[in-house]
Amino acid sequence: MNDGFFAVWLLAIGLILYLTGWQTQVADQTSRMAVAAFLTGVTLLHGLAVPIGGGIVTLQGSAAWALLWAFIAVICIRNFLQSLFVILCAVLGGAVWLWIRFMYATDPVFLFFHPGLDGAIIAGFLAGMLTERFAMQAAIIAIAASIAQFSAILMPGKPIEPITIGMLSWWDGAVAALAASRLTWNVKAGIRHVSKWFSEGTRERGGNP
């Protein structure tokens with residue numbers, strides 16, 4: 001599968017659901033204007049590349065745009081402890097994502113779905129479990145995906161190569177992680193809804209809550 005195809009496929013599915021009445025399940029109450037602005041920026045800026053640290057790291061314009069939105073989302077929380085929690089979740093997700101990539105590269109035995117996506121799926125699951133809002137989950141994933149890219153430094157017996165954040169394969173992982181986070185959140189919301197319904201039904205029948 002060509003790099004970027006998986007991301008486009010998932011985004012297309014998400015947009016169709018978003019525009020056909022599943023807005024809350026896909027992206028909470030994020031406005032269409034915000035979604036359009038983000039996707040437009042990603043498309044227009046992807047071809048740009050910014051070298052960092054003497055060329056050791058290259059940041060694609062699309063990834064820079066995503067990280068900018070992530071930091072704005074963290075700032076807009078306006079609660080220091082919650083902002084710190086989101087940052088720590090991003091570090092945790094990035095560390096787990098990086099570790100899974102490293103583990104597969106050194107001993108490809110525990111393959112779950114795809115060597116390039118397993119870490120993303122686990123990081124997305126953590127984001128969906130630990131936070132409730134779409135903006136927080138997206139911020140966690142953008143930062144975690146950037147951290148995970150540094151797994152190349154840990155590869156044994158390989159020379160350190162320039163690290164590119166924002167290439168098409170990076171977007172495959174980031175979008176897969178975002179999809180995993182929203183699926184996890186929707187499962188949580190469904191379980192809460194069923195539990196509430198069952199509890200209210202028990203009360204109405206005169207049973208113990």
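The angle separating the long axis of helix 32-45 from the principal Cα axis of greatest extent in the chain is about 10 degrees.
Less than 13 Å from a label point 7 Å out along the Cα-to-Cβ axis of TRP197: which backbone N atoms in the stretch 1-42 qualify, by residue? Those under the cut-off are none; the list is empty.
A simple spin-label model places the labels of VAL91 and ILE72 2.6 nm from each other, with each point 7 Å out along Cα-to-Cβ. Element breakdown for the chain at a 1.4 angstrom probe: carbon and sulfur atoms account for 72% of the accessible area. Rolled with a 1.4 Å probe across the full set of protein chains, the surface gives ARG192 an accessible area near 120 Å². Taking the C-alpha atoms only, the angle from helix 80-106 to the longest principal axis of the chain is near 60 degrees.
As a test of reading the structure, rank ARG101, ARG182 by solvent-accessible area (1.4 Å probe, protein chains only), most first.
Values: ARG101 75, ARG182 15 Å².
Descending order: ARG101, ARG182.
Extension gain for the segment THR24 to THR164, taken as residue separation times 0.36 nm less the Cα-Cα distance, is 47.1 nm to one decimal. Among the chymotrypsin sites (Phe, Trp or Tyr not before Pro) within the stretch 16-50, which fall in a DSSP loop and have no more than 13 other Cβ atoms within 10 Å of their own Cβ? Those satisfying the criteria are TRP22. Model label points for ARG133 and LYS188, set 7 angstrom from Cα along the Cα-to-Cβ axis, are 1.4 nm apart.
Extension gain, VAL50 to LEU10, is 11.7 nm, computed as 0.36 nm per intervening residue step minus the present C-alpha separation.
The values are calculated or read from the model by the stated rules, or taken from the named source; none is laboratory data. Keep in mind that what you see is a predicted model, and the values were worked out from it rather than measured. Backbone-built Cβ (ideal geometry, glycine too); neighbour counts: all protein chains shown. When the accessible area is computed, the model is the full protein with side chains, heavy atoms only, and any ligands, DNA or RNA have been set aside. Shrake-Rupley method; radii C 1.70, N 1.55, O 1.52, S 1.80 Å.
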